[in-house]
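The numbers here are math on the coordinates, done by the rules we state, and not lab data. Everything quoted here is computed from the prediction, not taken from an experiment. Cβ sites come from the backbone with ideal geometry, for glycine too, and all protein chains shown count toward neighbours.
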Amino acid sequence: MAPKLLDVVALLEDLPARGLIRGQVGTVVEILGPDAFEVEFADDDGRTHASLGLKSSQLLILHHKVHTAA
């Protein structure tokens, strides 16, 4: 499943050039294409420290509630 706008996601790989590590949590802030998403990563105070385009294969969508099967 592809991320949607404002989905909370976790990074699946280290991106040392951007100061990001696997597991870091961000928010999808723009859909750039069929498999391209602008993700914003912020610190604990809400200040953005990185915003970059990523593919869905680099992201894990996080869920805050249990989804039941129909």
Binned Cα-Cα distance frequencies in the chain - 10 Å width, integer %: 20, 54, 22, 4, 0
Simple label model, 7 Å out from Cα along Cβ direction - ALA36 to MET1, nm: 2.5
In nm, spacing of pseudo-spin labels at LYS65 and ARG18 (7 Å Cα→C-beta vector): 3.0
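Normalised by the residues of region 1-48, what does the relative contact order come to in percent, with Cα pairs under 8 Å and at least six apart? Before the final figure, lay out the partial values.
Details: 70 pairs, mean separation 14.3, N = 48.
Normalised by residue count, the contact order of region 1-48 is 30 percent.
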Full-stretch length increase - ALA10, ASP45 - with 0.36 nm per residue and alpha-carbon distance subtracted: 10.8 nm
Given charges at beta-carbon only (K, R positive; D, E negative), |dipole| of the chain in Debye: 200
